[in-house]
Every structure is written in structure tokens, then in C-alpha cells.
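Novice: This is the structure I want to talk about, given as C-alpha cells.
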Amino acid sequence: MFRMLLFPAQWLMGRLSFAWKFSVISSLFVLPILILGYGLIEQVNQQTKQAESEIQGLYALQNIYVLIQKAERFRDLSTLMRADQSESLRNDVKKIQQAISLQITELEPVLSAFDSEVLLNSQQNLVDAWQTISQGSAGAQGGVGGQYQYYDGFVTVAVSLIADTTSVSGLVLDPELGTDLLINILTLQLHKATKNMGLGRAMGSYALSQRYLSSELYDELDKAYLGLTADAESLKSTFDQLPSEYAEEIAPYA
């Protein structure tokens with residue numbers, strides 16, 4: 001059976017000259033090597049593109065977090081305007097509004113570089129949310145807690161850019177445990193903590209300005225305290241799972 005399978009090859013080789021036999025034998029060795037080499041080059045190119053995309057994603061995250069920090073400050077200051085109508089506070093709110101508008105403009109080419117419909121839609125949602133919250137007056141309605149939540153709505157829209165960016169850039173697919181944990185901190189835990197910190201600061205400042213702790217303020221402060229307690233435990237649990245090289249870098253901030 002085996003000889004019958006080899007017969008066509010033997011018959012062909014018996015009728016070829018030495019030069020052609022050498023060429024055929026060489027091809028049998030060279031072709032697999034070329035195919036393997038092509039596959040290896042393609043794999044390296046894909047990994048290189050993936051690494052470039054992840055680096056681009058990290059750069060985008062830096063810009064997004066600058067926006068988030070400014071959005072949180074706008075939220076906190078705007079909430080205090082319910083109790084403080086001073087010129088200095090109005091000027092601070094106006095400055096942070098201008099800074100956010102500029103940051104949104106600067107962020108647009110960073111997100112557009114990914115050529116992703118998901119990020120383009122997220123960018124448009126961000127622009128629409130900012131136009132609504134910076135020009136409207138709905139935030140002035142309801143209690144101080146409701147006003148805080150209203151302005152925090154824009155912060156939430158900005159934070160959603162993190163999840164979209166990590167997904168589109170491929171950062172979320174990174175197999176390293178440390179990367180996965182850090183992304184979890186950025187997309188979920190850190191926002192919860194800063195939201196509760198801002199809530200406690202805004203409600204506390206409002207109570208001091210009024211020199212009176214209403215039942216609403218008491219409930220909001222209690223909510224902030226319970227939230228921060230849970231946030232601290234959650235963050236500590238995540239930090240304990242981080243590889244040592246990551247933990248050492250963020251230990252001072254933690």
C-alpha cells in the first residue's frame with residue numbers, strides 16, 4: 001500500500017534530470033519554511049499592531065481621566081452654587097466650564113484616531129451631554145442631593161468612555177492579571193470612590209454654609225460614608241491581588 005502511494009513520485013523522479021530532481025527536492029523543503037515564515041511574520045505584525053493600539057489606548061485614557069477630573073470638579077462646584085451665589089464661585093464654575101469644553105475638543109482627534117464607530121458615538125454622546133448640562137437649568141431643580149446627581153450624570157458619561165476605549169483598543173483583552181485588575185479599578189471602583197468623596201464634600205460644605213443639617217443632608221452624608229467604607233474595602237481587596245510591581249507603583253496613591 002505504501003509503495004503504491006510512492007509510485008507516482010518515483011515514476012516522476014525517474015524521468016527528471018539531476019537539476020530538476022534537485023529543484024523539486026529543494027522546493028519540498030523551502031516551501032514549508034516560506035509558509036511558516038510568512039505565518040510568523042503575520043503573527044508578529046498582528047502583535048505589533050495590537051501593542052500600538054494598546055499604547056494608543058493608554059494615551060486616550062490619560063486624556064479621558066483629565067476630562068473626568070474636571071467634570072467632577074464642575075459637579076462639586078455647581079452643586080455648591082445652590083447655597084453660595086458668590087462671584088468667586090461663579091468665576092470658578094465658568095473657568096472649569098471653559099476647561100471642559102477645551103478638553104472635549106482636544107479629546108476628539110484622540111478618539112477619532114481609532115476609526116471606531118463605537119467611540120465616535122460615545123464622543124457624540126459626550127458632546128450632547130455637555131451641551132445639555134452646561135446650557136440648561138434643570139440642575140437647579142429639586143434638593144441639593146438631586147442637584148448633585150444631575151451634574152454627576154455628565155461625569156458618568158465621561159467615565160463610560162473608559163470602557164469603550166479599553167474595548168476598542170484591545171486593552172481589555174490583555175491576558176495579564178495586573179492589567180485586568182487595573183482596568184477594573186479605572187472603569188468601576190475609582191469612579192464609585194470619587195463620586196462618594198464628592199458627595200460627602202458637597203453635602204458637608206452645603207451643610208456648613210447653611211449652618212443646619214437637614215434630614216436630607218444627613219441621609220446624603222450617611223450614604224457617602226457607607227459608600228466610602230465599601231469603596232475602601234473593595235479597593236483594598238483589588239490592591240491585594242495586584243502583582244508586586246503594580247502594587248509598588250500605586251501604593252502611595254492607594
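Novice: Does region 79-96 contain any residue that is in a helix (DSSP H, G or I), within 15 Å of Leu126 (Cα to Cα), within 23 Å of the chain's Cα centre (by Cα) and in contact (Cβ under 8 Å) with a residue 24 or more places away in the chain? Break it down stepwise before answering.
Specialist: Residues of region 79-96 in a helix (DSSP H, G or I): 79-80, 87-96.
In the following step, the residues that additionally are within 15 Å of Leu126 (Cα to Cα) were identified as none.
Within region 79-96 (the criterion being in a helix (DSSP H, G or I), within 15 Å of Leu126 (Cα to Cα), within 23 Å of the chain's Cα centre (by Cα) and in contact (Cβ under 8 Å) with a residue 24 or more places away in the chain), the answer is no, since none of the residues qualifies.
Novice: Looking at region 139-160, is at least one residue more than 25 Å from Ala224 (Cα to Cα), part of a helix (DSSP H, G or I) and in contact with a helix residue (DSSP H, G or I) (Cβ under 9 Å, 6 or more places away or on another chain)? Break it down into steps so the answer makes sense when it comes.
Specialist: Looking only at region 139-160, we keep the residues that are more than 25 Å from Ala224 (Cα to Cα), and these are none.
No - not one qualifying residue is present in region 139-160.
Novice: Let me ask something else. Going by the conditions given, is Met203 buried (at least 17 other Cβ atoms within 10 Å of the Cβ), more than 19 Å from the chain's Cα centre (by Cα) and not basic (Lys, Arg)?
Specialist: On the way: buried (at least 17 other Cβ atoms within 10 Å of the Cβ): yes; more than 19 Å from the chain's Cα centre (by Cα): yes; not basic (Lys, Arg): yes.
Yes; evaluated as a whole, the condition is true for this residue.
Novice: Please identify the pairs in which a residue from region 193-212 that is farther than 12 Å from Ala83 by Cα has its Cβ atom under 8 Å from the Cβ atom of a residue that is crowded, with 17+ Cβ neighbours inside 10 Å and basic (Lys, Arg), counting only partners at least 6 apart or on another chain.
Specialist: Pairs found: Gly198/Arg75.
Novice: Tell me, which helices (runs of 4 or more DSSP H) lie completely within region 170-254 with 2 or more residues that are among the aliphatic types (A, V, I, L, M) and under 30 Å from Glu52 (Cα atoms)? First the steps, then the outcome.
Specialist: Details: elements: 177-184, 190-210, 215-241, 244-250.
The helices (runs of 4 or more DSSP H) meeting that bar are 177-184, 244-250.
Novice: Further question: Could you list, in sequence order, the residues of region 99-112 that are without any contact (Cβ under 8 Å) to a residue 12 or more places away in the chain and farther than 14 Å from Gln69 by Cα? Steps first, please.
Specialist: As a first pass, look at region 99-112 and keep what is without any contact (Cβ under 8 Å) to a residue 12 or more places away in the chain: 102, 105, 109, 112.
The answer is Thr105, Pro109, Ser112.
So that you can scan it fast, the table gives a plain yes or no per residue for (1) surrounded by fewer than 18 Cβ atoms within 10 Å (Cβ to Cβ); (2) closer than 30 Å to Thr166 by Cα; (3) not charged (D, E, K, R):
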position	(1), (2), (3)
Ile64	no, yes, yes
Arg75	no, yes, no
Asp84	yes, no, no
Ile96	no, yes, yes
Ala113	yes, yes, yes
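No value in this document is a laboratory result; all are computed from the given coordinates. Predicted model, so just to flag it, every value in this text is computed and none were measured. Virtual Cβ from ideal backbone geometry, glycine too; neighbours counted across all protein chains shown.
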